[in-house]
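The values are calculated or read from the model by the stated rules, or taken from the named source; none is laboratory data. Since we're looking at a predicted model, the values are computed, not measured. Cβ: placed from backbone, ideal geometry, glycine included. Neighbour counts: every protein chain shown.
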Amino acid sequence: MLPTLSHDGDWVLVSPLPYFRPWAKSLSPSRGDLVVAFSPTDPRNTVCKRVIGVEGDVVEVEPRRGTGYRKWMGEEPWEEEVNNRDAVSTNDRPLRMGRRGEGQFIKVPKGHVWLAGDNLSNSTDSRTYGPVPVGIVKAKVLARVYPNFKWLNESAQPRVLDP
Amino acid sequence: LMTQPTFNPDLAGSPLHHDVVLLERWSVALNRFKRGDVVTLWSPQNPDLLTTKRIIALEGDLVYPLPPSPTTPIRIPAGHCWVEGDSAYQTRDSNTYGPVPLALITSKVAYIAWPWGRRGLVANGLAKAKGRVRRLGGSVP
């Protein structure tokens, strides 16, 4: 969750109340919320991710682009030439869909959310295990208490792509 | 409506009288899930709805699903399970929405307290899913 939170040693303030009736107007997490959820791959672990899409949203599976990203992901030398050619269209969407989901869009089903960590290069999130049911979300992260106190309440607006 | 005839078998006849059951949360806290257990879980389609289903398969198992799911066998991913309702005719379960994460399970249904005639422990067993599961995974934990 770099750079928002450190991977080790940060203390955060969480609360299940924002998603708990009767105080909450909308019980589902909103876009941009930092949430704490049970891991879909192991119910004993919890994960801290950001809600990128709510039900009905169309999210791009892998938004990362660029030469540095492709090399970091272990692109083979013979792939580099092919990938450089017409890799990106004018809309910033690849003309050729990537193996990891670049340029692929998925509609988040009813009752589900799309989670993504802030540090996309090292995060196991919905890009791996798909949209998760809202029932798995435990609490909302309100603030980072230690080392520097900071309220964490940015919200994300969807970026509208040309149709 | 799940689980007729295991629970609420006379719902059509006496719609005001629902079964009263005892829920047990220790199994969930200790992460002990067994195939054949009846559990309560948040519905994956509607997070405000608590549903009651039976665990048919755990992670690693191979399940042969029923319609409306496609008939190809499904391997349950890690941390997930396959739940089905006991009713043979009308149930919305994993055959509709696929494997569900174990984190959605809130408690195990242990005992029927009312009506008096049907009181007793809820039986463990695969019910209508017998023969449709290959136990390739271990038990959980």
Can you find, within the range B:100-127, the residue that is surrounded by the fewest Cβ atoms within 10 Å (Cβ to Cβ) among those that are outside any strand (DSSP E or B) and in contact with a Gly (Cβ under 9 Å, 6 or more places away or on another chain)?
B:A123
Could you list, in sequence order, all residues of the range B:79-99 that are exposed (fewer than 14 other Cβ atoms within 10 Å of the Cβ) and out of contact with any helix residue (DSSP H, G or I) (no Cβ under 9 Å at 6 or more places or on another chain)?
B:Y89, B:Q90
Among the residues of the range B:18-65, which ones are surrounded by fewer than 16 Cβ atoms within 10 Å (Cβ to Cβ) and within 14 Å of another protein chain (Cβ to nearest Cβ)?
B:R25, B:A29, B:L30, B:N31, B:R32, B:N46, B:D48, B:L49, B:L50
Within the range A:48-60, how many residues are under 9 Å from the mean Cα position of the chain (by Cα) and among the β-branched types (V, I, T)?
2
If we keep only residues of the range B:66-85 that are in a loop (DSSP other than H, G, I, E, B) and touching a strand residue (DSSP E or B) at 6+ places or on another chain (Cβ under 6 Å), then the residue nearest to the other protein chains (Cβ to nearest Cβ) is B:G79
Residue in the range B:32-43 that is outside any strand (DSSP E or B) and either among the hydrophobic types (A, V, I, L, M, F, W, C) or touching a helix residue (DSSP H, G or I) at 6+ places or on another chain (Cβ under 6 Å) (or both) present:
no
Taking interchain pairs and intrachain pairs at least six residues apart, which have beta carbon atoms under 6 angstrom, with the first residue in the range B:5-33 and among the hydroxyl-bearing types (S, T, Y) and the second modelled with pLDDT of 85 or more and surrounded by 13 or more Cβ atoms within 10 Å (Cβ to Cβ)?
B:T6/B:D86; B:S27/B:K108
Condition broken by A:G68, with the remaining ones in (1) within 22 Å of B:G79 (Cβ to Cβ); (2) in a helix (DSSP H, G or I); (3) at pLDDT below 80 satisfied
(1)
When restricted to B:L121, B:L58, B:L49, the only residue touching a residue at least 12 places away in the same chain (Cβ under 8 Å) and not β-branched (V, I, T) is B:L58
Residues in the range A:37-56: is at least one at pLDDT below 70, farther than 30 Å from A:Y146 by Cβ and either in contact with a Pro (Cβ under 6 Å, 6 or more places away or on another chain) or in a loop (DSSP other than H, G, I, E, B) (or both)?
no
